[in-house]
Structure formats: C-alpha cells, structure tokens
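**Student:** Sharing a structure, written as structure tokens. Questions coming.
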Amino acid sequence: MQDVRFDDPSGGVRYATTDVAIIWTPLDETGLDVEPLTEEPRRIVLSRDHRLADAPQITVEDVLGEPFPVSDSTDPVYERFSTLAEERGGPPDPAVRITGRDELLVAVRSGRLIAAMPQALVHQIPFDDIVAREVDGLRPAGVGSCRLAGDDNPLVEAFVQAVRQAAGH
C-alpha cells in the first residue's frame, strides 16, 4: 500500500512503481487497463470562514471563480476534471500549485483555495476548520481498478478479481 502524489492519478501504475491500484477517475487511460467499479459524489472543501461555507445552496457556477489546486500531473484528463476546467472553459485562475493531500489541506485551512474532493476522502479530513459542501451540478468521481494494459500477472489478476467481487460486479 502506498499513497501517491497528485502528479500520478494512475496510482503509480503508469510509471511502473505499482502493479495495480484503486484509483479515482477520469484519467487518461492510454496504456492502462481501467475497470470502472462505482461512482462517488464529490464535495467542495473549504475553510470554515470562507464566504460559501454557510451558503444555503452552492452551484458549480458559484465556485468557478475561486482559487483551485493544480498539480504537476501530465494527465490532462485528470487535471481538467479535478480543476473543473471544462465547467469554467479553461484552467482555474487563480490556481495554487499543490503536490499532495497534506499540502492541499494546509491550503484549504488557510483559505488560499477550495477543492473538489470525493466524498470518501472528505470523511478522512481530521480538521474541524474545513467544511465540505454539496454542490449542485458537480460531476461525481469514478472509482476503478487500474493496471498496465496487457498485464497478465496472476497476482494482479487475483487482486482485480477480489476488488471486482467486493464491488458487486
């Protein structure tokens, strides 16, 4: 088990530092075998004193002008999805460069940015000065297994089968 930085949404599979991973999608699937398992609603996380923290309702349009995290990812599909670039018609402006989860949480707590995050990750935030809000129109993240395309390693196959079964497929 390893936690990977934001610059590799394949969980280390694309660069062969990991044989198989459970990942968030979408991402560029070139050279990968990604099997969709389920979807996860995303939330916007923001500082408790952010102007939207207590808003009665938040829409995607409400957050498009806010500072968002960007990573050093070379995966344009993942980067566009995580920054809401398609919804805003381009990359976020302003943008704050972030390399990993800890750095992201520090930036959110300080009010430097807000971020879209799968609900399962929201439950792991250990700080009470970060709030998570539902956003009308925010597309969900996918969850999938990921391995190199054509990988016939029996251990990888056994892992993928177990994950598939656990997901009810």
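The values are calculated or read from the model by the stated rules, or taken from the named source; none is laboratory data. Everything quoted here is computed from the prediction, not taken from an experiment. When we count neighbours, we look across all protein chains shown, and the Cβ atoms used for this are built from the backbone with ideal geometry, even at glycine.
**Student:** Would you pick out the residues in the stretch 111-132 that are part of a loop (DSSP other than H, G, I, E, B) and touching a residue at least 40 places away in the same chain (Cβ under 8 Å)?
**Tutor:** Hits for the stretch 111-132 are GLY111, ARG112, LEU113, ILE114, ILE125, ASP128, ASP129.
**Student:** Look at GLY90 and say whether it is without any contact (Cβ under 8 Å) to a residue 12 or more places away in the chain and part of a loop (DSSP other than H, G, I, E, B).
**Tutor:** yes
**Student:** Would it be correct to say that GLY65 is among the small types (Gly, Ala, Ser), outside any strand (DSSP E or B) and buried (at least 20 other Cβ atoms within 10 Å of the Cβ)?
**Tutor:** No, not satisfied.
**Student:** Given the conditions (1) hydroxyl-bearing (Ser, Thr, Tyr); (2) under 20 Å from PRO92 (Cα atoms); (3) in contact with a strand residue (DSSP E or B) (Cβ under 9 Å, 6 or more places away or on another chain); (4) surrounded by 15 or more Cβ atoms within 10 Å (Cβ to Cβ), which single one is not true for SER10?
**Tutor:** (2)
**Student:** Take the residues of the stretch 87-103 that are more than 14 Å from GLU61 (Cα to Cα) and among the small types (Gly, Ala, Ser): which is surrounded by the fewest Cβ atoms within 10 Å (Cβ to Cβ)?
**Tutor:** GLY100
**Student:** Since PHE6 meets every condition but one in (1) modelled with pLDDT under 95; (2) among the aromatic types (Phe, Trp, Tyr); (3) more than 12 Å from the chain's Cα centre (by Cα), which condition does it not meet?
**Tutor:** Tallying (1) modelled with pLDDT under 95; (2) among the aromatic types (Phe, Trp, Tyr); (3) more than 12 Å from the chain's Cα centre (by Cα), PHE6 fails exactly one: (3).
**Student:** Only one of these conditions is not met by GLY65: (1) touching a Leu at 6+ places or on another chain (Cβ under 9 Å); (2) of a type in the set (Gly, Ala, Ser); (3) over 27 Å from PRO36 (Cα atoms). Which number is it?
**Tutor:** Condition not satisfied by GLY65: (1).
**Student:** Can you name the residue in the stretch 31-51 that is more than 25 Å from PHE159 (Cα to Cα) and either buried (at least 19 other Cβ atoms within 10 Å of the Cβ) or among the hydrophobic types (A, V, I, L, M, F, W, C) (or both) and is also farthest from the chain's Cα centre (by Cα) among such residues?
**Tutor:** Once the filter is applied, the top-ranked residue is HIS50.
**Student:** Can you pull out the residues in the stretch 113-148 that are in contact with a helix residue (DSSP H, G or I) (Cβ under 6 Å, 6 or more places away or on another chain) and either at pLDDT below 95 or within 25 Å of ALA162 (Cα to Cα) (or both)?
**Tutor:** The answer is SER145, ARG147.
**Student:** A follow-up question, please. Which numbered condition in (1) free of Cβ contacts under 8 Å to residues at least 60 places away in the same chain; (2) part of a helix (DSSP H, G or I); (3) assigned by TED's automatic domain parsing to the domain that holds ALA55 is the only one that VAL108 fails?
**Tutor:** (1)
**Student:** Still on this structure: Anything in the stretch 133-158 that is surrounded by 18 or more Cβ atoms within 10 Å (Cβ to Cβ) and within 17 Å of the chain's Cα centre (by Cα)? List them, or say none.
**Tutor:** If the condition is that a residue be surrounded by 18 or more Cβ atoms within 10 Å (Cβ to Cβ) and within 17 Å of the chain's Cα centre (by Cα), then ARG133, VAL135, LEU138, ALA141, GLY142, VAL143, GLY144, SER145, CYS146 are the ones that fit.
**Student:** Which numbered condition in (1) outside the structural domain of SER145 (by TED's automatic domain parsing); (2) touching a residue at least 12 places away in the same chain (Cβ under 8 Å) is the only one that ASP54 fails?
**Tutor:** That leaves (2) as the condition not met.
**Student:** When you scan the stretch 133-169, how many residues do you find that are among the β-branched types (Val, Ile, Thr) and in a loop (DSSP other than H, G, I, E, B)?
**Tutor:** Within the stretch 133-169, residues that are among the β-branched types (Val, Ile, Thr) and in a loop (DSSP other than H, G, I, E, B) number 1.
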